[in-house]
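Asker: This is the structure I want to talk about, given as structure tokens.
Computed from the coordinates by the stated procedures, all read-outs in this text should not be read as laboratory data. Quick caveat: nothing in here was measured; it's all calculated off a predicted structure. Quick reminder, even Gly has a Cβ in these numbers, built from the backbone with ideal geometry, and neighbours come from all protein chains shown.
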């Protein structure tokens, strides 16, 4: 199946988000480790949760786009059925 530009960009951003989350969590942990282990773990967890929320938003965009595409297909089929019934 051929993906349109929006889907390709969104898929790329999802992949990049995973990489940013992994490396960002490691970097956050190392930077904040000088303030203590508990604070470092808290900040890393906060960073990971924030990143996952943004990934969920990107995934929601993909799902919404797919739902819109399916709704357009159904509308077209219903219009064809309506025109055949007349």
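Asker: Considering 41, 45, 58, which residue is surrounded by 13 or more Cβ atoms within 10 Å (Cβ to Cβ) and touching a helix residue (DSSP H, G or I) at 6+ places or on another chain (Cβ under 6 Å)? Step through it out loud before you land on a result.
Answerer: Numbers: 41 fails: touching a helix residue (DSSP H, G or I) at 6+ places or on another chain (Cβ under 6 Å); 45 fails: touching a helix residue (DSSP H, G or I) at 6+ places or on another chain (Cβ under 6 Å).
One residue alone meets the criteria, 58.
Asker: Give me the pairs: first residue in segment 50-74 and at positive phi and in contact (Cβ under 8 Å) with a residue 24 or more places away in the chain, second residue surrounded by 12 or more Cβ atoms within 10 Å (Cβ to Cβ) and in a helix (DSSP H, G or I), beta-carbon distance under 8 Å, and six or more apart or on different chains, which are they?
Answerer: none
Asker: While we're on this one: Just need a number here: residues in segment 1-51 that are part of a helix (DSSP H, G or I) and more than 26 Å from residue 69 (Cβ to Cβ).
Answerer: Of segment 1-51, the ones part of a helix (DSSP H, G or I) are 5-35, 37-51.
This time we only want the ones that are more than 26 Å from residue 69 (Cβ to Cβ), so: 19-35, 37-51.
Residues that pass the stated criteria total 32.
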